Amino acid sequence: MSPDLDVRLSTMLSALEEIIKPAIDPGNSLAAEQAELLLGSLRMLQKQMDYIHAFETTELRSMIALADTLATIVGGEMVCTDDPVVVAAKAALGPPIASSVLRDASRAIRASIRPVVEAAERNAETRLPVQRAVLEHSERLIRRERAWVASTGFDVFPESLQTIPESPRLG
């Protein structure tokens, strides 16, 4: 098997389109539907492949920025700042690293943000600024995620979508 992901995806798409789909019993609508969904998912993955690292890096930078903003608002440091995964990922943001490291760091930051947001909800001084920071972050996140899955054709406002290459700039 070729290590080239594009070749592997192209081979899977060809096999599904030219061999597997035609072999599906026409009376089996569920199998035909699942084959179409699989084709669509593989095509989407093929379009996303070159941008996975940029997407994950932007997500991590965005989570760090939100954590820093929330720490400033509530007057402290984020709980996860000592997390070895987060420390390693922050140090490695320049050069390419495995997407899984970026994802793990974003998840760790996300987990540490939740109690900060919950505590801020009980504090009249920090409630509104924290809500604003989280909503602004969420808006950018949703715009990136919508661009990421735009090729499904399910977005109800496709005219407002950005392309996958543009989406990392939404950090």
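Looking at this structure, is Ala88 more than 30 Å from Leu37 (Cα to Cα), open to solvent by less than 60 Å² (accessible area, probe 1.4 Å), among the small types (Gly, Ala, Ser) and at pLDDT 90 or above? When the stated conditions are applied, Ala88 does not pass them.
Scan segment 129-149 for residues that are in contact with a helix residue (DSSP H, G or I) (Cβ under 7 Å, 6 or more places away or on another chain) and either in a helix (DSSP H, G or I) or open to solvent by less than 40 Å² (accessible area, probe 1.4 Å) (or both) and the total you get is 11.
Considering only segment 130-152, how many residues are under 14 Å from Lys47 (Cα atoms) and of a type in the set (Gly, Ala, Ser)? Looking only at that region, the number is 3.
Go through the residues of segment 113-128 one by one and say whether even a single one is closer than 15 Å to Glu56 by Cα and not in a helix (DSSP H, G or I).
Within segment 113-128, not a single residue is closer than 15 Å to Glu56 by Cα and not in a helix (DSSP H, G or I).
If you go through segment 91-117 and keep only what is hydroxyl-bearing (Ser, Thr, Tyr), at pLDDT 75 or above and farther than 19 Å from Glu136 by Cβ, you end up with just Ser100. Of all the listed residues (Leu66, Leu70, Leu5, Leu37), the sole one being under 24 Å from Ser99 (Cβ atoms), out of contact with any Phe, Trp or Tyr (no Cβ under 8 Å at 6 or more places or on another chain) and buried (at least 16 other Cβ atoms within 10 Å of the Cβ) is Leu66.
Can you name every residue in segment 12-33 that is in a loop (DSSP other than H, G, I, E, B) and either open to solvent by less than 80 Å² (accessible area, probe 1.4 Å) or closer than 17 Å to Met44 by Cα (or both)? Walk me through it before giving the result.
Narrowing segment 12-33 to residues in a loop (DSSP other than H, G, I, E, B): 24-28.
Those that are in a loop (DSSP other than H, G, I, E, B) and either open to solvent by less than 80 Å² (accessible area, probe 1.4 Å) or closer than 17 Å to Met44 by Cα (or both): Ile24, Gly27, Asn28.
The values are calculated or read from the model by the stated rules, or taken from the named source; none is laboratory data. Predicted, not measured: the structure shown is a model, and the values here were computed from it. As a convention, Cβ positions derive from the backbone with ideal geometry for all residues, glycine included, and neighbour counts pool all protein chains shown. SASA here: full protein model, heavy atoms, side chains in, ligands and nucleic acids out. Shrake-Rupley method; radii C 1.70, N 1.55, O 1.52, S 1.80 Å.
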